[in-house]
Structure formats: structure tokens, C-alpha cells
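Since every read-out is calculated from the coordinates, none of them should be taken as a lab result. Quantities reported herein were computed from a predicted structural model and do not represent experimental measurements. As a convention, Cβ positions derive from the backbone with ideal geometry for all residues, glycine included, and neighbour counts pool all protein chains shown.
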Amino acid sequence: MTSSSRSSLRSAASQSLSALAVFLINVTTGMGLGWSSPAWAKLTEVGAGGRADAGFLLDVNEASWVVAVYDVGIPVGSVLAGLLLGSLGRRRTLMLSPLLVLAASALTFEARSSAALIAARVLMGTSFGLDLSCSSLYIGEIAHSDTRGKLCTFTTSLVFVGVLAEFVIGPYVAYPTQALLPVAPALLSLAVFLLWAPESPYFLASRGRVDEMRRALARLRGVSAGQHSAAVDKEAEDILRATESGKRRSRAPWRNLVSLTDRGARRGCLIVLFLCGTGPMVGTGSVVAYGEYLFKTTGSGLSADMSAIVMCSVQVLAGVASSQVIDRAGRRPLLLGTALVNACAMAGAGVFFFIKDALGKPDAAAHISWLPLASLMLFMVSTNLGTTTVPWVMIGELLPQQSKALVPSLSVLAFSVVAFATNKLLPVLGQHVGLYLPFWAFGAWSVLVFFFTLILVPETRGKTLLEVQAMLQGKPADGSLSHQDAEVLQEEDLRRQQQDAEDPRAPSSAPRRERW
């Protein structure tokens, strides 16, 4: 093995070890998301090995509150991350997430009332909000360009691994044991952060801690203490230039942060807010949260817990496959195709519950008891190939630069509100009306997503940001720009950056075309 190969291997190993701390957080937050499915019976049924056997029995309404408040914690964690990232740094902000998981696990273990469980679920949701806001940012700033894409892909996939772990282990252990399942990965994450993972070099550079930045970068690139590396020196200088440029742009007036006077900016923000903010309306989170509850109502030959395991296993595989498909098939075709498949899958599951609940013909429904599992497996494959992954990828492509500080946070807030509503209402509607109603509502929303995408969402694969913004403003459908148009936009952006650097308080003399 050559010296260059050994250096590359050490660099990849060091970055992967640092990223491991984040990956373990992804697993724990996934376990928090998947906890409710096997825990539902333990809270609502006597003889299920849970708190109900000790007299702590919840009705459907109380238990649905316990499940739904998880989503209340997500925007809390997102806001907390926004407040702390600039002062504590990426590493220490992320370390709060496993600490919250440990506190939530202890509270769940000791809970003797629905109020205690609700508090525990809010803490777990806050941990997920922190993870959602910080994990990709930290990995993106510590990873080399050669490994950044691969490492970032795992952050979403490992959340589903945590959900699968709950589905596989949760049904077969008692309530106290299930409550403590996230403890081991949370402690291991803290250990990796404390013993190895450094602070982001970009954050250290932005705070003027140049010597610490160089040491952190050297560790991440596998360079031993005391050794000199020209590649590390060059990368350190690039980071310093990038952070200095970012400081100059940050001095721009607040009016440049969110500007919706431009047609392209309005369209880009609308697409992101709709697709990301209303994502739970297609039903993914509700199906995961109530997996066993749903399958128990079907009377299928396959047990409810095994059906949930099969469904979640398919979800994990589809999540891994999505990273390989998105750059080949394109964003728009994936959104259109998966929206239609989602609608058909939810319609199929709704038919079963309509026959069983609304028509009152359980015997007829028993002949198609395979339909809900087949429909939900198809649904999970479809959503993870497009509907739940593509919108978050497109945030960086569709939003104008001045809107990236606010619109993603608004999307997370809207996502949390919608997820809370769907998770709270699903079992209540199932008890009082029938499960066919929420399933058909999820399917109808997927149809709406299809037409929204067809009318408003452009294809961004292989396009530069200039071309994407031109498309949003009504330029040619293929996103092409003339050489002259590109030069005009580039020159305008350069003029504004120079003006902000020289005198950020001065009004812009450039034409009133919005800078993207």
C-alpha cells in the first residue's frame, strides 16, 4: 500500500469515527420515533407486559396524546439548535441530544402517569429536533468532499435503523426494558464525542480559534500531532477564506434575509414549505408510530409485531436505495411517481378498513387480510424513494440564498404541527369512524402532491443554481440560460457582495432583481 493510500485510509477512518457519534444519535432518535408502536399495547391493554398490568392503564385518547406530543418537541429542538449553534458550537450542541435521550429514557422508565410520559416524549422529540437541525451540518463541515455525500446519506437511513430496532426488540421485552433500549447508543455517542470527535473546523475558524481549527482538521484528516501536511494547510486556508467571506455577507441588512418580492423566490419558498412542511400528511409518520396497532386490527395471519418488522425492514432498504436513485431518476419524476404510488397504496389499505368497519363485513375483509400489509409495504418503499426524501434534498436547490436562514426552520415548524395533528387524530378517528377515513385522507393528499409537483416543481437534477433560479422565474422549461443572461446575473451578484462588504448600510444601486 502506498503512502498516499495509507493517508487516505487514515483520513476516511478518522472522519467516519467522528461521524459515528452523530450516527448513534440518529439511531437513538429513531428509537424514540419507533417506541410508540410496540409500547401502545403495553399502555392500553392488560396482559401485554406493560404499565397496564400495574394499574397504569391509558385509554385511546390519553395514549394518542403520549404518541403525538413527540412532535411538539421537534420545533423546540430546532429552535434550541438555532440559538446554540453559534455560541456552543456544533459538537457541544449535538452532545445535548444524547443527554436528552438519557433523561427521556429515565423518565419513561419511572413514569407512573400520563403526564410523566408526555414530558418524556417531549424530551425525546426535542432530541430529534436537535439532531435534525445539526447532524448534517456537522458532518458536512468535518467531512472531506470525497466522503461528504456518503456520510450525509447515512443520517436519514440510520433513523430508520433505530425505528427497526424498536420494532424488532420492543414487542418481546417488558416495558421497563424497552424504556432503556436507547441508553446504550446514547452513552456510546457521548463517549465518542468526548474521546475523539473534534469541533467543526468551520466553527472554530469563525470564532477566530485558528490554532484549534488546524489541530481539529489535522485529526479529521488522519494527520498525527506534530506532523506537517501541505494538503491540511491548504484546506485550512480555504476554510479561513470561506468563513471570512461568510462574515462579510452576514453584515447585509435584514431586508436581504427573506425577500419574497421576486417571483422565483416566492415560488421556491412555496414549494419547500408545502412539500416539507406538510410531509406528514402523506401518512409516513403515522404508519410508523401506530404500526402494531394498525396490523392488530387487520386479523392477518402474520402477527402484528412481525408485520411491523417486515414493513420497517422494507423502509430501511428503501431509504438506503434512495441515495442511489435520486441522482439517476431525477427529483421531479421521483416525486410524481411516488405520489401516485402512495395514493394507490393508501386507497388499497383504506378499502380493507372500509369493508371491515364501515360496511360491517369482517368476514369479507378477512379474505383480503393480506391487503393492508402489502399496501403499507408498497407505501413505505414509495415514500422513502421520493416523497419523504426528495423535498429535503431540494431545500438547498430551490431556496434563494437570502431565504435559507428562515424558510427551513418554518418548514420544520409546519412539519411538527402537521405530524402532531395526524398522530393525534389517527387512533381517535379509527375508534369513532373507521381507519378507512385517515387512510383515504392520506391518499387524497398524495394526489394533491402529484398535481402540485406537476404544476409548480421544476427538475433540478444537473442544473446549476443560476439555472434553477431562472427556471423558477419563468425562464425556459429546460432551465437553460443564455451566456449573456448568466453573465448579467453573476455580475449583479458580485456587485452586491462588494457593496455589502464596503458599506453594508448603504442602499443598493443595483437593479431590483433579487439576489439568489
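The table below gives the values:
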item: Over 21 Å (Cα to Cα) - which of K42/K361; K361/K424; K296/K356 fall in this group; result: K42/K361; K361/K424
item: Calculated FRET value between D363 and L99, using beta carbons and R₀ = 56 Å, to 0.05; result: 0.60
item: Separation of the L57 and S224 label points, Cα + 7 Å toward Cβ, nm; result: 6.7
item: Gain in span if fully extended, I455 to R10, counting 0.36 nm per residue against the direct Cα distance; result: 155.4 nm
item: Where labels lie 7 Å past Cα in the beta-carbon direction, separation of V173 and L317 in nm; result: 2.6
item: Computed lengthening from E45 to L448, 0.36 nm per intervening residue step minus Cα-Cα distance; result: 141.3 nm
item: ³J(HN,Hα) computed for each position of segment 268-285 - Karplus, 6.51 cos²θ - 1.76 cosθ + 1.60, integer Hz, glycine/proline x; result: x, 5, 4, 4, 5, 4, 6, 5, 7, x, 9, x, x, 5, 7, x, 4, x
item: Calculated FRET value between A374 and S87, using beta carbons and R₀ = 45 Å, to 0.05; result: 0.35
item: Extended-chain gain in nm, criterion 0.36 nm per residue less alpha-carbon gap, R112 and D233; result: 37.9 nm
item: Rough spin-label spacing in nm, given labels placed 7 Å along Cα→Cβ, for L340 and R207; result: 5.2
